[in-house]
1. Ignoring ligands, DNA and RNA, what accessible area per residue does the chain give at 1.4 Å, in Å²?
2. What part of the accessible area of the chain, given as a whole %, is carbon or sulfur when the probe is 1.4 angstrom?
3. Report the rotationally averaged projected area of the chain based on its alpha-carbon convex hull, in square nanometres.
4. Can you pull the one-decimal nm distance between simple spin-label points at residue 122 and residue 28, each 7 Å off the Cα toward Cβ?
Amino acid sequence: DVSVKIGKLVAESFKPGEGQDLSRLAQDETQKACSKYRNTPPASVAAAIIARESATIKYPEGNNLAGDWKNGEKLVKAGFGMRIGSIEPDPAAKQKGGNGGNCYACHALDPKEVAAGNIGPSLTGYVALRGASDDIVKYTYDKLYNAQATVSCSSMPRMGHNGILTPAQVADITAYLVSPESSLNKQ
């Protein structure tokens, strides 16, 4: 079977060692469905994914979905986010809730940043584009915590679900995005 051969090749291309979390190479039920349908599952499968992934969302203590935007800015700018690689694996202290989400890999957050990714949308001026209503704050938190709870086969990593960020860190990043006072929204 071709998929078995591909899986073996991918697994063999990552070398075990300090700072490597090779368990990330095993697909869960959601990832398998998204792969099977090439990220365009039938409506019933998409609805099942969203329901299953929504049930995994954990909220911070006190349910304050918008925490400290200044801490959120630091987390957004931290470039770790559980990268996989044998050249320079992340130290254990920077993994799973340790040091940010590597958001710049996919999103532009500052017009002056030349190394920002373009896989995801620009987040500069987030409030001007989306507002900061309670519904937007919840959507933003949920999207950051588990992107597949909002879009069944989103290419965005499930930052909270996978333990890359804690619920409090997700709330801080949410605050960075939705706070009119944050540097992101003052540009």
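1. On a per-residue basis, the chain sits at 56 Å².
2. On the chain, the fraction of accessible area on carbon and sulfur atoms equals 56 percent.
3. On the way: hull surface 46.4 nm².
In nm², the orientation-averaged hull projection of the chain is 11.6.
4. That separation, rounded to one decimal, is 3.3 nm.
The values are calculated or read from the model by the stated rules, or taken from the named source; none is laboratory data. Quantities reported herein were computed from a predicted structural model and do not represent experimental measurements. Glycine gets a Cβ as well: all are built from the backbone with ideal geometry, and neighbour counts include every protein chain shown. Surface areas here come from the heavy atoms of the whole protein model, side chains and all, with no ligands, DNA or RNA. Shrake-Rupley method; radii C 1.70, N 1.55, O 1.52, S 1.80 Å.
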